[in-house]
Amino acid sequence: MNRFDMSFKNKRVRMYFATVIPLIIVAIIMYIFLPYELQLVPTSLLIVGIAAYFIRVLVDKKKQRNG
């Protein structure tokens with residue numbers, strides 16, 4: 001099994017920091033300012049964002065195998 005390089009030279013790490021970290025910051029701000037009834041919105045935003053990140057990783061893996 002290959003080792004995972006946890007540095008900014010790794011494309012997946014850069015992609016993670018570019019997509020998920022801003023989503024976490026936005027979700028925290030939304031938790032602070034939204035009323036209790038709308039607390040589901042930031043949680044849903046995080047779930048959709050993380051799912052999109054993993055889908056993109058899978059598509060990139062598939063591209064590398066085929067191309």
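The values are calculated or read from the model by the stated rules, or taken from the named source; none is laboratory data. This is a predicted model, so every value here is computed, not measured. Here the Cβ is made from the backbone with ideal geometry for all residues, glycine too, and neighbour counts use every protein chain on show. Just the protein is used for accessible areas: all its heavy atoms, side chains included, with ligands, DNA and RNA removed. Shrake-Rupley method; radii C 1.70, N 1.55, O 1.52, S 1.80 Å.
Residue by residue, here is whether (1) open to solvent by less than 80 Å² (accessible area, probe 1.4 Å); (2) aromatic (Phe, Trp, Tyr) holds:
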| site | (1), (2) |
| --- | --- |
| 9 | no, no |
| 24 | yes, no |
| 30 | yes, no |
| 54 | no, yes |
| 62 | no, no |
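Checking the condition of a type in the set (Gly, Ala, Ser), out of contact with any helix residue (DSSP H, G or I) (no Cβ under 9 Å at 6 or more places or on another chain) and either part of a helix (DSSP H, G or I) or modelled with pLDDT under 90 (or both), which residue from 52, 18, 27 passes? Unique residue meeting the criteria: 18.
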